[in-house]
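Here the structure comes first, spelled out in structure tokens, and everything after it is commentary.
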Amino acid sequence: MPKKIKILMVDDHPFIIEAYKNTLAGYKKEKYVMEIDQASDCKSGYEIIASASDRKENFDVAFLDISMPSCDEKKIFSGEDLAVFIKEKMPDCKVILLTMHTEMLRISNIIKKIQPNGLIIKNDLTFDELLNAFDKIMSGEPYYSKTVFNFINNSLAELTLDEIDREIIHHLSNGVMTKNIPHYVGLSLSAIEKRKLHMKDIFSIIGCNDEELIREAKSRGML
């Protein structure tokens with residue numbers, strides 16, 4: 001007998017919710033049956049979660065848009081606050097956050113604050129991507145869309161670079177030739193060349209010139 005999955009979808013664009021529902025409609029029908037509730041803002045989302053919690057009818061999965069009309073009286077100002085609320089009420093609910101935001105700081109804050117089971121940038125989303133995300137999350141794996149995944153990789157690279165590495169890139173970007181950088185950072189030319197090689201290795205651009213190193217650092221928000 002198929003297992004029932006209770007799903008909550010909260011988005012202030014009804015056509016997006018319909019797209020999600022239509023995409024999931026055929027997901028492993030022999031194994032699961034979907035029961036979907038939907039809301040269009042933080043207030044209606046809050047009320048559905050609170051009511052379901054009171055009835056002890058927990059949701060298994062919640063799709064929450066980040067940017068929605070707020071519920072000021074309950075201090076639910078965004079999908080992030082709604083995610084915190086549903087995690088408090090239903091700790092086993094798998095939370096999937098969807099957003100148009102691509103700023104590195106915003107993505108970082110979402111991951112640290114919410115630790116969602118899924119984080120998807122809407123511009124990355126396709127029908128296949130949504131099904132893949134849902135399948136992974138139902139299997140107990142976290143899912144981050146391409147933009148988020150790239151951000152995480154960039155963050156790891158940032159942790160590997162120290163202040164001297166950043167200073168070297170800064171001087172290169174300002175047109176200082178490598179042979180003159182020792183005057184600025186107090187390292188030998190040999191040590192600087194080794195650091196440049198190390199940075200290119202981190203960025204997977206071994207063999208590329210300094211212009212590519214600068215361009216890669218800029219693309220990762222390090223300049």
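Go through region 33-44 residue by residue and turn each phi into a ³J(HN,Hα) via Karplus (6.51, -1.76, 1.60, θ = phi - 60°); whole Hz please, and just put x for glycine and proline.
10, 8, 10, 10, 9, 9, 9, 10, 7, 5, 5, 5
If r is the Cβ-Cβ distance from residue 15 to residue 77 and R0 is 22 Å, what FRET efficiency results, to the nearest 0.05? Could you put the intermediate results ahead of the total?
Values: r = 24 Å, r/R0 = 1.09.
Using R0 = 22 Å, I get an efficiency of 0.40.
Using alpha carbons only, how many angstrom separate the centre of region 73-128 from the centre of region 175-223?
36
To the nearest 20 debye, what charge dipole does region 10-63 have about its Cα centre, counting +1 at the Cβ of each Lys and Arg and -1 at the Cβ of each Asp and Glu?
Value, rounded to 20: 260 debye.
Give, rounded to the nearest 20 debye, the magnitude of the charge dipole that region 1-139 has about its Cα centre when Lys and Arg contribute +1 at Cβ and Asp and Glu contribute -1 at Cβ.
520
Report the semi-axes of the equivalent ellipsoid for region 1-123 in whole Å, largest first, where each axis is √(5λ) for an eigenvalue λ of the Cα gyration tensor.
Over the Cα atoms of region 1-123, the ellipsoid semi-axes are 22, 17, 14 Å.
Answer rounded, prolate or oblate for region 93-202, using the Cα gyration tensor with square roots of eigenvalues a ≥ b ≥ c: rounded when a/c is under 1.5, else prolate when a/b is larger than b/c, else oblate.
It is prolate, given that a/c is not under 1.5 and a/b is the larger ratio.
Which label belongs to the value computed from this structure, given these candidates for log10 I(q)/I(0) by the Debye sum over Cα atoms at q = 0.10, 0.13 Å⁻¹: (i) -0.41, -0.71; (ii) -0.63, -0.87; (iii) -0.58, -0.78?
Computing log10 I(q)/I(0) by the Debye sum over Cα atoms at q = 0.10, 0.13 Å⁻¹ and matching it to (i) -0.41, -0.71; (ii) -0.63, -0.87; (iii) -0.58, -0.78 gives (iii).
I'd like to compare 69-75, 98-104: which one has the highest average count of other Cβ atoms within 10 Å, and what's the full order after that?
On the way: 69-75: 13.3, 98-104: 16.1.
Output ranking for 69-75, 98-104: 98-104, 69-75.
Please list, in chain and number order, the residues 5+ apart from residue 36 or on another chain whose amide H is under 5 Å from its amide H, with Hs placed from the backbone.
7
Do the sum for the chain: with -39,500 (n - 2.57) for every DSSP H run of n ≥ 4, divided by all residues, what is the mean residue ellipticity at 222 nm, to the nearest 500 deg cm²/dmol? Don't jump to the answer; show the numbers that get you there.
Numbers: 10 runs with 112 residues, N = 223.
My calculation for the chain gives -15500 deg cm²/dmol from helical runs alone.
Taking Cα pairs under 8 Å and at least six residues apart, what relative contact order does the chain come out at, in percent?
13
Expressed as an acute angle from 0 to 90° and rounded to the nearest 10, what is the orientation of the C-alpha long axis of helix 189-202 relative to the principal long axis of the chain?
20
Evaluate the charge dipole of region 73-194 about its Cα centre and quote only its size in Debye, nearest 20, assuming +1 on the Cβ of each Lys and Arg and -1 on the Cβ of each Asp and Glu. All intermediate terms of the calculation are to be shown ahead of the outcome.
On the way: 14 positive and 17 negative charges, 43 e Å.
For region 73-194, the charge dipole is close to 200 debye.
Share of antiparallel DSSP beta bridges in the chain, in percent to the nearest 5?
Bridges in the chain that DSSP calls antiparallel: roughly 5 percent.
Estimate the FRET efficiency between residue 56 and residue 163 by the formula 1/(1 + (r/R0)^6), using the beta-carbon distance for r and 45 Å for R0, to the nearest 0.05.
Efficiency, from the Cβ-Cβ distance: 0.30.
Could you give me the ³J(HN,Hα) list for region 51-64, computed from phi with Karplus coefficients 6.51, -1.76, 1.60 and θ = phi - 60°, whole Hz, x at Gly and Pro?
In residue order, the calculated couplings are 5, 5, 5, 4, 8, 6, 10, 6, 7, 8, 9, 10, 9, 10 Hz.
None of the figures in this text is laboratory data; all of them are computed from the coordinates on show. Keep in mind the model is a prediction, meaning the values are calculated, not measured. As a convention, Cβ positions derive from the backbone with ideal geometry for all residues, glycine included, and neighbour counts pool all protein chains shown.
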